[in-house]
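Trainee: Quick one: this structure, given as structure tokens, is what I'll be asking you about.
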Amino acid sequence: MADQPPQRRRQARGERRIELLLDAAAEVFGEVGYAAATTNAIAARAASSPGTLYQFFPNKVEIARALSERYLRQLQQTQRKALAVEHADLPLTELIDAMVDPVIDFNLSNPGFQALFNAPDEQVATKPLHVREAVIERLSAIFAARAPELPKDQRVRSARVLVGVFRGVLPLIIGTKGAERAAVIGELKRICHDYLTPLIGA
């Protein structure tokens, strides 16, 4: 196999460096928050010089924007798997596990995600409103497949309620560990089960 052209090798190295910088930014944002994070800290975490960082990102805002786009892509992939309409035929307890567990795992595995999207700085990134609407649409489709007689406005309203409940409980899940975290997740699932049973059946 012929060697890659020099330009392509440089491009590949640049892409790897960008990914390393974004990995470092995710760690720093997760540890200290967006506001307290600095480009120097991100460069140091990536074992790069500030000058190298500035070759790819002129400031912290651009780093945050690039990282938020990566998070959104990953989150959308997670949601497509978790909220697949094929899950509609599962027993309700298994359906809730299939919907909730992957999204919780995503948030726990990416501590920088919450720090970034809860940042008060409006320059950071577009808030994931379109992601939330996609979740509501997918939930509504699952409800439709499971309970076709349920009116559309009720399906959408119920999906919005569940998304609101999940977002409200998520900080408690992130803020606890071990047995207490498992207990909080269990409470969230119980709420979902009790709410959904009369709507789409167990």
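Trainee: Rounded to the nearest angstrom and ordered from largest down, what semi-axes does the equivalent ellipsoid of the chain get from its C-alpha gyration tensor (root of 5λ)? Walk me through the numbers before you get to the answer.
Mentor: Numbers: eigenvalues 290, 78, 45 Å².
Equivalent-ellipsoid dimensions as semi-axes: 38, 20, 15 Å.
Trainee: Could I ask something else about it? In what sequence, highest mean first, do 172-184, 93-105 appear when ranked by Cβ atoms within 10 angstrom?
Mentor: On the way: 172-184: 12.8, 93-105: 16.7.
Per-residue Cβ counts within 10 Å, averaged per peptide and sorted highest first, yield 93-105, 172-184.
Trainee: When the solvent-accessible surface of protein heavy atoms is calculated with a 1.4 angstrom probe, in what order do 132, 65, 167 fall, highest first?
Mentor: Details: 132 70, 65 100, 167 130 Å².
Largest to smallest exposure gives the sequence 167, 65, 132.
Trainee: When the helices in the chain are scored as -39500 (n - 2.57) per DSSP H run of 4 or longer and the sum is shared across all residues, what 222 nm value do you end up with, to the nearest 500 deg cm²/dmol?
Mentor: Working: 9 runs with 153 residues, N = 202.
Calculated mean residue ellipticity at 222 nm is -25500 deg cm²/dmol.
Trainee: What's the lysine pair count for the chain at a Cα cut-off below 29 Å, pairs eight or more apart or interchain?
Mentor: 10
Trainee: Let me ask something else about it. In Å³ and rounded to a whole number, note down the convex hull volume per residue for the Cα atoms of the stretch 144-186.
Mentor: Values: hull volume 3.1 nm³, N = 43.
So the per-residue hull volume is 71 Å³.
The values are calculated or read from the model by the stated rules, or taken from the named source; none is laboratory data. All values derive from a computational prediction rather than experimental measurement. Cβ coordinates were reconstructed from backbone atoms using ideal geometry, including for glycine residues, and neighbour counts include every protein chain displayed. Accessible surface is based on the protein model in full, side chains and every heavy atom, while ligands, DNA and RNA are left aside. Shrake-Rupley method; radii C 1.70, N 1.55, O 1.52, S 1.80 Å.
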